[in-house]
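Taking it in order: structure first as structure tokens, then the write-up.
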Amino acid sequence: MVPALLDLILPPRCAGCGVWGAVACPSCLVKLLGEPAPRPPDPAPPGLPDCWSATAYEGAARRMILACKERGRTALVPALAACVATCVAAWQTEAEAEGERAARPAGAALSGAALSGAGLSGGGRGGDGAGGDRAGEGEAAVTWLVPVPSARAAVRRRGHDPVRAVATAAVRELRGLGRAAVLAPLLRQRRRVADQAGLGSLERAANLSGAFEVGHRALGALRPPHSGTGRAVGFRVVLVDDVVTTGATLAEAARALRAAGVTPSAAVTIAATPRRVPYVATRRKHHIRDNHGW
């Protein structure tokens, strides 16, 4: 936690570019916020929910994520949380618009009683996930942010759990945007997993298979909310992680939630690893270039 203390004592330097004056300078913050959009891995693993990210995992964004995650610069949590909140809000807006279009009869005007969040796939406890996030007329659905759990050993080594900290702060950001949200730390690790660095998509999937489970005590404490009239208010479940690479971690987290009767509507990360050209295709490209003098 020394870097966090130094950020309080000394003039901070931007974790993205090193310029003095702020832990995240305006220029790097713009790059970090990026453009929230669907950025699923290709190919996406089975069971991966709708996957959105704020930016690509490269450059300033990559350096800022690593500074918070591995070097203890926890002062970056609000900036990273703003990315998650912005991405969640963008996904909600798009999903709600799609739901309203789907619910509208062909050629008919949209009525004022259109369902909020129609078409989203979040489900309630013990249900089948169908319509579990539909709110009553005039009532906004509550978003449950479910952080992907870090390994206990990693939390001890880092001195903090960056994904949970970011998800917690993102809840506050969403509430500031006028969107109902709660932190839902439902997942926990069932067993140890190997370091994912250097593993391919199939190896990551095998490494993570059965790695997560839902803590039933935590699930029992997060009953679907009710309005002042006693009527159940809709809710939707969004997985939160820092980076998506092959999607294996998020797919396993989604599997564990579904096994407990909770269907995730989406997965949101700060950044997505840029898609890489397959090795065989790269070799073929170099071969053509060498033979044709490119």
How many residues are over 23 Å from residue 46 (Cβ atoms) and at pLDDT 85 or above if we restrict to the stretch 164-199?
-> 22
Scan the stretch 14-28 and give yes if some residue there is buried (at least 19 other Cβ atoms within 10 Å of the Cβ), within 23 Å of the chain's Cα centre (by Cα), modelled with pLDDT under 90 and in a loop (DSSP other than H, G, I, E, B), otherwise no.
-> no
Working only within the stretch 36-46, note down all residues that are more than 15 Å from the chain's Cα centre (by Cα) and either open to solvent by less than 40 Å² (accessible area, probe 1.4 Å) or at pLDDT 95 or above (or both).
-> 45
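The values are calculated or read from the model by the stated rules, or taken from the named source; none is laboratory data. Keep in mind the model is a prediction, meaning the values are calculated, not measured. Using ideal geometry, Cβ is built from the backbone for each residue, glycine included, and neighbour counts are taken over all protein chains shown. Keep in mind that these areas ignore ligands, DNA and RNA; they rest on the heavy atoms of the full protein, side chains included. Shrake-Rupley method; radii C 1.70, N 1.55, O 1.52, S 1.80 Å.
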